Amino acid sequence: MIIGSIMFPFNVRVYGILINDKNEILLSDESYGNMSFTKLPGGGLEFGEGTIDGLKRVYGRNGRSHCCG
């Protein structure tokens, strides 16, 4: 993104909701500095990667091989 003559880098991130057979949702507890928060698992897209492929990669990395169709 460019505002005026200053360029601000950004990345595209994907998050998804994964529900198992017991209707449980996969969540991730994380902390940053002195803050703690709960979020949906996700991550940044690699260059040229589509959103569905990104979700498949992220959930595959988290041991969830059957996602996204």
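The values are calculated or read from the model by the stated rules, or taken from the named source; none is laboratory data. Here the structure is a predicted model, which is why all the values come from computation and not from measurement. In this analysis, Cβ positions are derived from the backbone assuming ideal geometry, glycine residues included, and neighbour counts consider all displayed protein chains.
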statement: Restricting segment 22-47 to residues that are of a type in the set (Asp, Glu) and assigned to a loop (DSSP other than H, G, I, E, B), the one nearest to residue 58 (Cα to Cα) turns out to be 46
query: Taking into account only those residues within segment 31-41 that are surrounded by 10 or more Cβ atoms within 10 Å (Cβ to Cβ) and out of contact with any Asp or Glu (no Cβ under 7 Å at 6 or more places or on another chain), which is modelled with the highest pLDDT?
result: 40
